[in-house]
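Q: Encoded as structure tokens, here's the structure I'll be asking about.
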Amino acid sequence: MRQLLPALLFLFLLPDGLRAASPELIRQSLVRIQTVSQDPDYVTPWNTGTIGQGIGAGFVISGNRILTNAHVVSNARKIWITREGDPNRYVAKILHIAHDSDLAVLRPLNTEFFKGMRALEFNGLPEIESTVMVYGYPIGGDRASVTRGIVSRVDFQEYSHSGADSHLVIQIDAAINPGNSGGPVVQDGKVVGVAFQGYSGDVAQNTGYMIPTPVIKRFLKDIEDGHYDHYVDLAITTFPLYNPAARHALGLPDDGQGVMVSSVYGGGSSDGIVKPRDVILSIDGHAVASDGSVQMEGSNVELAEIIERKFKGDTAKLEVIRDGKPLTLSVPLTSPFPFNIYANAYDVKPRYVVFAGLIFQPLDQNFVTDNQLGNSRTSYTFTHFLQDALYKDRPELVILSRILSDPVNAYAAEFQQAMVDTINGRKINTLDDVAQAFAEPAKTYVIEFVGAGRPLVLEAKAVAAARARILSRYGVGRESNLKP
């Protein structure tokens, strides 16, 4: 099965204007990163989670900082860094982290770490078939490794760390192995990318991917104000216009320009501005081809790349054809929240409520990864949460995730993994609603589930009598966590 996986590499970024670095200087700027991490448990969410260790790479950038991949330091409880020729380990902390673009900036607590080191310099996009050098610590190791590769393609692909975000990537024919993540990819003494993921198994040999400098520079620009605002999005889908008959029906010449808007996500940047069946001819002056590509920096890239380089609060200028007439649209760019339900989340604890041995949790990608969804209605709703704009009615899908078996909940098995609709008449739109509903005094608790033929009814006296018994039997140290 084809599967893209993060690779543990280290990378270094440098400010523009510095002279090209020699291989020896690059090695001196390389950083080995070792972490102790704690991955949350979405099956028994009150547990502390699994402890693990990891090794990756990074490199020195301006301002006494170290650049690496987000997945190298995600869920980290302790971070140590070392450098070539120095046996000492230094404790480091995360200054900024961007899970959507798999980048992070670290700083050692002791700035003596940087003595004798210098920041590396960035370059632009490397040309196809040009040679690059990949630095890192593949398969662990204490000494830096260097691998030569050829730039194979510039593409727009999913970043496996978040699993829901796609950005510009560069494919190279050098294998990216665990330990390489975060390492710099260098050409002519300057950084042109950060190694970050490759294929698992026998799918593709000697194929790896690096994060190119446009993505890196955008991240560094975003954090200049001390806060990371995430990527923005037009929140639309488009359909290519190859077919001459389709172009004629839309009143378009057969000139290979323009794509049709097939859908507009409610609540997103384009909602109320862009309409389905609009034909986008250009974005910010960049002509849009009929396959949805634009020309940028000498390469054909997806039109989304124009928006990728913008920030929260910026606008995009769209030239469109609507009902046969030309229009100019201005779209204020925001980060629509509904997309986050499909993204892997890190550095957060699972949210849950335990009541009468019933575990209530919001449905998100982390939960789906750790738990097999056996309820077909719940699975369908999760899949179509964004497509059908279900988030307008329910910002969160709260389900009865598991049951800690006890006489008080003996008849609840049929409701496992069902979505909660109401509790004692209160509409359940978030997990907070669940906690508030159970906090209100009542003789009975009537829980209605979406699509269920009957409610689940719990007697308050029986719930109170079972509380200590259930918590003790199943080792539940805390009955709820509502903070993200």
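What follows draws every value from the coordinates through simple rules; no lab data is involved. Fair warning: this is a prediction, and the values are worked out from it, not measured in the lab. Don't worry about glycine lacking a Cβ; one is built from the backbone with ideal geometry, like all the others, and counts go over all protein chains shown.
Q: Hey, what angle do you get for helix 213-222 against the long axis of the chain, alpha-carbon based, 0 to 90 degrees rounded to 10?
A: Tilt relative to the chain: about 60 degrees.
Q: Using Cβ contacts closer than 10 Å as the measure, can you line up Val134, Val368 from fewest to most? Please list the in-between numbers first.
A: Working: Val134 28, Val368 16.
So the ranking, lowest neighbour count to highest, is Val368, Val134.
Q: So what's the back-of-envelope 222 nm ellipticity for the chain, counting only DSSP H runs of four-plus at -39500 (n - 2.57) apiece and dividing by all residues, rounded to 500?
A: -4000 deg cm²/dmol
Q: What percent do you get for the relative contact order of the stretch 236-332 when only Cα pairs under 8 Å and 6+ apart count? Walk me through the numbers on the way to the answer.
A: On the way: 177 pairs, mean separation 25.2, N = 97.
Rounded, it is 26 percent for the stretch 236-332.
Q: How big is the convex hull of the Cα atoms of the chain, per residue, in Å³?
A: On the way: hull volume 84.5 nm³, N = 484.
Cα convex hull per residue, to the nearest whole number: 175 Å³.
Q: Further question on the same structure: If you take every DSSP beta bridge whose two residues both sit in the chain, what share of them, in percent to the nearest 5, is antiparallel?
A: Values: 109 of 112 bridges.
Given both bridge residues lie in the chain, the antiparallel proportion sits at roughly 95 percent.
Q: To the nearest 20 debye, what charge dipole does the chain have about its Cα centre, counting +1 at the Cβ of each Lys and Arg and -1 at the Cβ of each Asp and Glu? Before the final figure, lay out the partial values.
A: Numbers: 45 positive and 52 negative charges, 303 e Å.
That gives the chain a dipole magnitude of about 1460 debye.
Q: Taking a ≥ b ≥ c as the square roots of the eigenvalues of the Cα gyration tensor of the stretch 236-332, is the shape rounded (a/c under 1.5), prolate (a/b larger than b/c) or oblate? Can you show the working numbers first?
A: On the way: a/c = 1.88, a/b = 1.22, b/c = 1.54.
In terms of gyration-tensor shape, oblate.
Q: Taking trypsin sites (Lys or Arg not before Pro) as exposed when DSSP calls them loop (any state but H, G, I, E, B) and at most 11 other Cβ atoms lie within 10 Å, what is the longest stretch of the chain free of them, the sites themselves excluded?
A: Numbers: sites that count: Arg2, Arg19, Lys115, Arg143, Lys443, Arg478.
Of all site-free stretches, the longest is 144-442.
Q: Next up: Let me check against my output: what whole-number percent is the relative contact order of the chain, with C-alpha pairs under 8 Å and at least 6 apart?
A: Details: 1226 pairs, mean separation 61.2, N = 484.
In percent, rounded to a whole number, it is 13.
Q: While we're on this one: Relative contact order for the stretch 350-481: what is it in percent, counting Cα pairs under 8 Å that are at least 6 residues apart?
A: Taking the mean separation of contacting Cα pairs over the length of the stretch 350-481, I get 29 percent.
Q: So for Ser181, Ser29, fewest C-beta neighbours within 10 Å to most, what's the order? If you can, show how the numbers build up before the last one.
A: Values: Ser181 35, Ser29 27.
Placing the least packed residue first, the sequence is Ser29, Ser181.
Q: Something else about it: Let me know the charge dipole size of the stretch 203-303 about its Cα centre in debye, to the nearest 20, where only the beta-carbon of Lys, Arg (+1) and Asp, Glu (-1) is charged. List each step's numbers first, then the result.
A: Details: 6 positive and 13 negative charges, 46 e Å.
Computed about the Cα centre, the dipole is about 220 debye.
Q: Going by how many other Cβ atoms sit within 10 Å of their own, how do Asp39, Asp102, Asp254, Asp278 line up, fewest first? Each step should come with its number before you reach the end.
A: Details: Asp39 15, Asp102 28, Asp254 12, Asp278 25.
Least crowded to most crowded, the residues run Asp254, Asp39, Asp278, Asp102.
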